[in-house]
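The values are calculated or read from the model by the stated rules, or taken from the named source; none is laboratory data. Everything numeric in this text was worked out from a predicted model, so none of it was measured. Here the Cβ positions follow ideal geometry from the backbone for every residue, glycine too, while neighbour counts run over all protein chains shown.
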Amino acid sequence: MPDERNASAPQRFEDRVAWFQQARFGMFIHWGLYALPAVHEWIQSRDKIPGDRYGKYFERFDPDRFDPRDWARTARRAGMRYVVITTKHHEGFCLWDTAQTDYKATNSPAGRDLLRETLDAFRAEGLRIGLYYSLLDWHHPDFTIDAFHPLRDLPDAELAAANAGRDMRAYAAYMRAQVTELLTGYGKIDLIWFDFSYPRNGWRGLPGKGRDDWQSRELIDLVHRLSPDTLVNDRLDLPGEGDFMTIEQKQLDEPPRGGPQATGVGTVARCWENCHTFSGAWSYSRDEMSWKTPKLCLQLLIQAVARGGNFIINVGPTARGQFDSRARERLDAYADWMYVNGRSIHGCGAAPETLPEPSKCLYTWNRAANRLYIHILDWPYITLRCPGLGRKVEYAQFLHDASEVRFSDNAPGEQTDPTSPPGGLTLYLPEVQPGGTLLPVIELFLKPGSLG
Ligand code: GLC
């Protein structure tokens, strides 16, 4: 019997991911009880804090300065087109008014459905909605103790007894009930981000967890049934499943290969997303000092798009509900840069692989607009030589102020201009990097059909 879903997949896949690949840039938000200890979202696991002791954070979770419209405005100004927010992280606490557990924002001093207000605010600013949902759950009584669970160091007999009373099938049903709530009660959900599988992380004879534990097949079928256009990520431990590949805290020189929807072994990933933190933790972390510089933040965004991917940068709001000053400073840098350079990101992707980039530069390409963008990471002296672009360019300008950039070029195979490479283009730059933007971009208006 022909598999109809597969038969119609390629065309359908392109349509489903079109908005995502246009958007390119999004905001990740990690917010939960871990904002109170303000160290790391894994603190309950790292410090092996049993549920009764972790409960003090539930009792004190009172985000009195929570203003999701401010979050949403900040994201839009930064040039972001979608948001992915933790509905529930590994600690098990739920930001929405779920009927499946009492461990939720409505029962904490917050006393309200924080998810609903957040989604309303982001939609009002025109952003697409993504929900992060943790497959791990250190609070749920049926979630078996494993390598990451806070109770993993219980004495043998107690550990065995504790696990004997736990039932992962009941937990998998709980997840389906929660995902059903999220996909049916909160408007259009554009994307769902499951996190994560670890089948090879055993502990004291206890196995890691993967597709059989989550009942991943049932879970993804449920998503497809309830909300066929919702994009799904690739962390359910189902080879080939999902719509996009997730690359975490990496800067890729080459586009990733494989992933869900790959068209063959070793082929470039068709759809992928790079996620990053501003600093070492995903949650608000008061004393964390390893903050990425604003310039590096920009560079990571550009690099992902230049290799055909999306980029989401994470904010961990404080327990009072605010973005802290260090995050704001970086979000402002995105806002300033995107305000003038956003058209080198939105709707753009990788340039053809056959076109080598000048050194210390990255290309992004808007195929529909027929424009190529040169992101200059490190200012060169007076000239910038671009191999392979001879006779392909009509006009060049700095993107941030539309000031002309003069150039000379050679026809393919010729070198009438000795300062340009054969078949190349030489751009004449000011000696000093122009002010007005942290990382300058040159916009090349291409001759029709010159890059395909
Ligand atoms: C890692 C972190 C987790 C975070 C996720 C986001 O898996 O451990 O806390 O939510 O990355 O990609």
Given the condition away from the ligand (no atom under 16 Å from the Cβ), within 22 Å of the chain's Cα centre (by Cα) and crowded, with 20+ Cβ neighbours inside 10 Å, answer yes or no: does some residue in the range 56-67 qualify?
no
Yes or no: THR98 under 22 Å from VAL179 (Cβ atoms), surrounded by 19 or more Cβ atoms within 10 Å (Cβ to Cβ) and within 16 Å of the ligand (Cβ to nearest atom)?
no
Might you let me know whether the range 129-136 holds any residue that is at pLDDT 95 or above, out of contact with any strand residue (DSSP E or B) (no Cβ under 6 Å at 6 or more places or on another chain) and not hydrophobic (A, V, I, L, M, F, W, C)?
no
Taking first residues from the range 352-369 that are over 18 Å from PHE25 (Cβ atoms) and second residues anywhere that are among the aromatic types (Phe, Trp, Tyr), the pairs with Cβ under 6 Å that are 6 or more apart or on different chains are GLU357/TYR363
For the range 56-89, enumerate the residues that are assigned to a loop (DSSP other than H, G, I, E, B) and in contact with a helix residue (DSSP H, G or I) (Cβ under 6 Å, 6 or more places away or on another chain).
PHE61, ALA78, GLY79, ARG81
Residues of the range 16-52 being more than 16 Å from the ligand (Cβ to nearest atom), surrounded by fewer than 19 Cβ atoms within 10 Å (Cβ to Cβ) and outside any helix (DSSP H, G or I), in sequence order, are LYS48, PRO50
Out of the range 277-334, which residues are in a helix (DSSP H, G or I), crowded, with 22+ Cβ neighbours inside 10 Å and of a type in the set (Lys, Arg)?
ARG330
Looking only at residues that are within 17 Å of LEU191 (Cα to Cα) and more than 16 Å from the ligand (Cβ to nearest atom) in the range 76-95, which one is surrounded by the fewest Cβ atoms within 10 Å (Cβ to Cβ)?
ARG81
List the pairs whose first member sits in the range 319-341 and is in the same structural domain as GLY79 (by TED's automatic domain parsing), whose second member is assigned to a helix (DSSP H, G or I), and whose Cβ atoms are under 6 Å apart, counting only residues at least 6 apart or on separate chains?
ALA319/ALA35; ARG330/PRO294; ARG330/CYS297; LEU331/THR74; ALA333/PRO294; ALA335/ARG77; TRP337/LEU298
